[in-house]
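Structure first, then comments.
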Amino acid sequence: MEKLQQLYEGKAKKVYATEDPGLLIVSYKDDATAFNGVKRGTISGKGVINNRMSNRLMAKLEKAGIPTHFVRELSDRDTLVKKVEIVPLEVIVRNLSAGSFSKRYGVEEGICFEEPTVEFSYKNDDLGDPLINTDSALALGLATRKELAVIRAYALAVNLELSAFWEKCGVTLVDFKLEFGRLPDGTVILADEISPDTCRLWDTETGKKLDKDRFRRDLGGVEDAYQEVMQRLEAHDEA
Ligand code: TMP
Ligand code: ASP
């Protein structure tokens, strides 16, 4: 499958049309941004790792019965995916306190929750992706009540699968962000990516951060952390 015209360039990926109107090619870049694009940089080799990691994890989720956009890896950076209409919500699942949760509620990072939390943000760069509740999402017509219920159930199912897998790798899945999309028939499936850009991954033994927080917080060793967490995945993934 060949890349045709570029349809979109985002912060970390480019999207191309293909000869099949139902399929797109996503191409992962090494560009990194944080704080809604205010901080910019490059994480060398990130695109390759995020592409491969996201594909491996999505394949695993498919096997577990969670539908995703993943079709086939085409190269180091390029993947064929199903074309969807993105639901303009960022769906965040948290197992431990960190990041904006800790800031918002004034609690330290690393508190382990009894139950995971699910949060929605309205995907809107101009507004800075504000937190939104389900009533407001319904009022804005971002999704239907049924879609929100499906999205929540999938997000929690993804958390169960991925938490168990990362645990085998000696990595704690602290939190992550998902995006969902609609197929032409209205079916909701998991889209976008699952990578160290979109997850917090802490070494279970040492607590070392193995994700994009190293870039966001200028902790150094960003490339090494991405490589390390990918190696852990490859060492424990039977596929
Ligand atoms: P937060 O604590 O900053 O709200 O982030 C929660 C999770 O969502 C974390 O794993 C990082 C991920 N995330 C994204 O993937 N994209 C974003 O734009 C933001 C703000 C967070
Ligand atoms: N991707 C987001 C941005 O640029 C933020 C983040 O991942 O922290 O701005």
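Since every read-out is calculated from the coordinates, none of them should be taken as a lab result. If you're wondering where the values come from, they're calculated on a predicted model, not measured in any experiment. Note that we place each Cβ from the backbone using ideal geometry, even for glycine, and neighbour counts take in every protein chain shown.
Quick notes on this structure:
- A prolate overall shape is assigned to region 94-239, the ratio a/c of its alpha-carbon gyration tensor axes (a ≥ b ≥ c) being 1.5 or greater and a/b exceeding b/c.
- Set 46/168; 13/146; 29/83; 29/208; 39/82 screened for pairs whose C-alpha atoms are more than 27 Å apart: 13/146; 39/82
- Backbone amide hydrogens, once placed in the peptide plane, bring residue 32 within less than 5 Å of 41, 42, 43, excluding anything fewer than 5 places away on its chain.
- Segment residue 149-residue 124, length gained on full extension (0.36 nm per residue, minus Cα span): 6.9 nm
- Highest-first arrangement of 92-101, 5-14, 171-180, where packing means the average Cβ count within 10 Å: 171-180, 92-101, 5-14
- Rounded to the nearest 20 debye, the dipole size of the chain about its Cα centre is 260 debye, using +1 on the Cβ of Lys and Arg and -1 on the Cβ of Asp and Glu.
- Converting phi to 3J(HN,Hα) with the Karplus coefficients 6.51, -1.76 and 1.60 and the offset θ = phi - 60°, region 196-201 yields x, 6, 10, 10, 9, 10 Hz in sequence order, with x at every glycine or proline.
- FRET efficiency, residue 105 to residue 235 (Cβ-Cβ, R0 45 Å, nearest 0.05): 0.80
- Chain lengthening between residue 136 and residue 72 when straightened (0.36 nm per residue, less Cα-Cα): 19.4 nm
- HN-Hα J in Hz across region 91-104 - Karplus 6.51, -1.76, 1.60, θ = phi - 60°, x for Gly and Pro: 9, 10, 10, 10, 9, 10, 5, 5, x, 5, 5, 4, 5, 5
- Difference of contour (0.36 nm per residue) and Cα-Cα distance, residue 205 to residue 39: 56.8 nm
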